[in-house]
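Structure first, then comments.
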Amino acid sequence: MTKILILNGPNLNLLGTRQPEVYGTTTLKDIEVMCRSRADKLGATVEMRQSNHEGELIDWIHAARDRFDGLVINAGAYTHTSIALMDAISSVAIPTLELHLSNIHEREDFRRVSYIGKVAFDLVMGHGADGYPMAIERMVSHLSS
Ligand code: DQA
C-alpha cells in the first residue's frame, strides 16, 4: 500500500482562524480527515504532521526514508527561506510534491521564491484546503506511473 507523509510547517496549526481571507476557515484537523478519506479511496495511507520548528521538520524528513513512498509538504514560510529543508528532501530522495493553500505566485514578491520547488516533482497551490486531497491524488498517480 502506498504510504504518504504530509508535512505542514509553521503557523499552519492556526488554520481555521489564521487570515481566513487568505487561507480559508478549514482547520488542519478537518484537512486531515479529508486527506484520510481521499487516501482510503485510492488505496493509500497518509500520516499528517505539523511543526513550527525547522529542525523538527528536517528530522521527520530524514526518518521518512524507507518508511514512506511520497512526501507532500506545505512548508509554510520555510518554503521561501529554507535551503536546509530543500537539502533534507534531496538527501532522502523521496518523491516530493510542494503544496500551498494560497497561490504564492500571486502574492508578495518574496513568496515567489521556493526552495521546495527546486526538489519537488509537482506543485499544487491556490485551491485552499481542497488542494490537500488533490495533492494526494497527484502523488498516488505519480507513484503508480
Ligand atoms: C503557505 C504560503 C506561504 O507563503 C505562507 O508563509 C504560509 C502558507 C500556503 O499554504 O499558502 O504559511 O504555504
Complete set of residues in the stretch 1-20 that are open to solvent by 40 Å² or more (accessible area, probe 1.4 Å), in a loop (DSSP other than H, G, I, E, B) and within 16 Å of the ligand (Cβ to nearest atom): 11, 17, 18, 19
Residue in the stretch 21-37 that is under 15 Å from the mean Cα position of the chain (by Cα), more than 15 Å from residue 130 (Cα to Cα), touching a residue at least 12 places away in the same chain (Cβ under 8 Å) and in a helix (DSSP H, G or I) present: no
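Residue-wise test of (1) open to solvent by less than 50 Å² (accessible area, probe 1.4 Å); (2) closer than 27 Å to residue 27 by Cβ.
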site: 52; (1), (2): no, yes
site: 59; (1), (2): no, yes
site: 68; (1), (2): yes, yes
site: 84; (1), (2): yes, no
site: 95; (1), (2): yes, no
site: 120; (1), (2): yes, yes
site: 130; (1), (2): no, yes
site: 133; (1), (2): yes, yes
site: 145; (1), (2): no, no
Breaking point among (1) surrounded by fewer than 19 Cβ atoms within 10 Å (Cβ to Cβ); (2) touching a strand residue (DSSP E or B) at 6+ places or on another chain (Cβ under 9 Å); (3) not hydroxyl-bearing (Ser, Thr, Tyr), for residue 99: (1)
Set 97, 85: member being under 19 Å from residue 50 (Cβ atoms), outside any helix (DSSP H, G or I) and within 14 Å of the chain's Cα centre (by Cα): 97
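How many residues are closer than 22 Å to residue 145 by Cβ and more than 16 Å from the ligand (Cβ to nearest atom) if we restrict to the stretch 68-97?
Here is the first cut: in the stretch 68-97, the residues closer than 22 Å to residue 145 by Cβ are 68-73, 89-90, 92-97.
Narrowing the set further to residues that are more than 16 Å from the ligand (Cβ to nearest atom) leaves 68-70, 90, 92-95.
Here the count works out to 8.
The values are calculated or read from the model by the stated rules, or taken from the named source; none is laboratory data. Every value quoted in this text rests on a predicted model; they were computed, and no experiment measured them. Here Cβ is always computed from backbone atoms with ideal geometry, including for glycine, and neighbour counts include all displayed protein chains. Heads up: the accessible areas ignore ligands, DNA and RNA and are worked out on the full protein's heavy atoms, side chains in. Shrake-Rupley method; radii C 1.70, N 1.55, O 1.52, S 1.80 Å.
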